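Notes to accompany the following structure.
Read-outs throughout are calculated quantities, based only on the coordinates presented, and are distinct from any laboratory measurement. Here the structure is a predicted model, which is why all the values come from computation and not from measurement. Here the Cβ positions follow ideal geometry from the backbone for every residue, glycine too, while neighbour counts run over all protein chains shown.
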Amino acid sequence: DAGVIQSPRHEVTEMGQEVTLRCKPISGHNSLFWYRQTMMRGLELLIYFNNNVPIDDSGMPEDRFSAKMPNASFSTLKIQPSEPRDSAVYFCASSTDRERYNEQFFGPGTRLTVL
Amino acid sequence: AQSVTQLGSHVSVSEGALVLLRCNYSSSVPPYLFWYVQYPNQGLQLLLKYTSAATLVKGINGFEAEFKKSETSFHLTKPSAHMSDAAEYFCAVISSGGYNKLIFGAGTRLAVHP
């Protein structure tokens, strides 16, 4: 199994530009999570999808952030317009929902730098 | 509401020494608990999890953790540290909400010295 795949691994952009992060979950997993990791705030859950439907987006910081999951094998997290304070590592994770203790499998992350 | 506290943001040990990383949880329901490890420039990887089957849980790379309800603790241990254990370690608890939302601790960075 290839694991959770994220692209790009690194992204450097200028303030005001649109940024799109991509995630391919593990085949057969029906739960998908987007996280943000910073030194100041640690790991934060941004949004949770189940069966391609957004269930909990309470962690999305503001309207500049949006996420979609058009099918079971692909999700995007978009920031428009980007700001320097969005600089962070963004992780995608997937799991199944058969049991509440099923672990989440994390991708390698996308390191975003907004200049 | 569930929460996790990791005592010590940085722990330093010598190679071959005991590793002890502390985690205390708060939960209104029987908890499901996890330890994840993050190596530099990588995502999080599951070390072990507690699902109420056994209080002593063995994980990968020689790590284990013991669930102690009376102390609300789930400390991570390894008898002998290796240089390759240097990483950041996160304790997490499943939220009591309707899905397997993880509540993470702040993390403990482990340094291993020769």
Those lysines that a straight Cα-Cα span of less than 20 Å connects to A:Lys24, excepting residues fewer than 8 apart in one chain
A:Lys68, A:Lys78, B:Lys101
Taking the beta-carbon count within 10 Å as an exposure proxy, list B:Phe104, A:Phe106, A:Phe33 from fewest neighbours to most.
B:Phe104, A:Phe106, A:Phe33
What does DSSP give for the protein assembly as shown in terms of the percent of beta bridges that are antiparallel, rounded to the nearest 5?
90 percent
Compute the separation of the alpha-carbon centres of region B:24-48 and region A:1-41 and state it in Å as a whole number.
20 Å
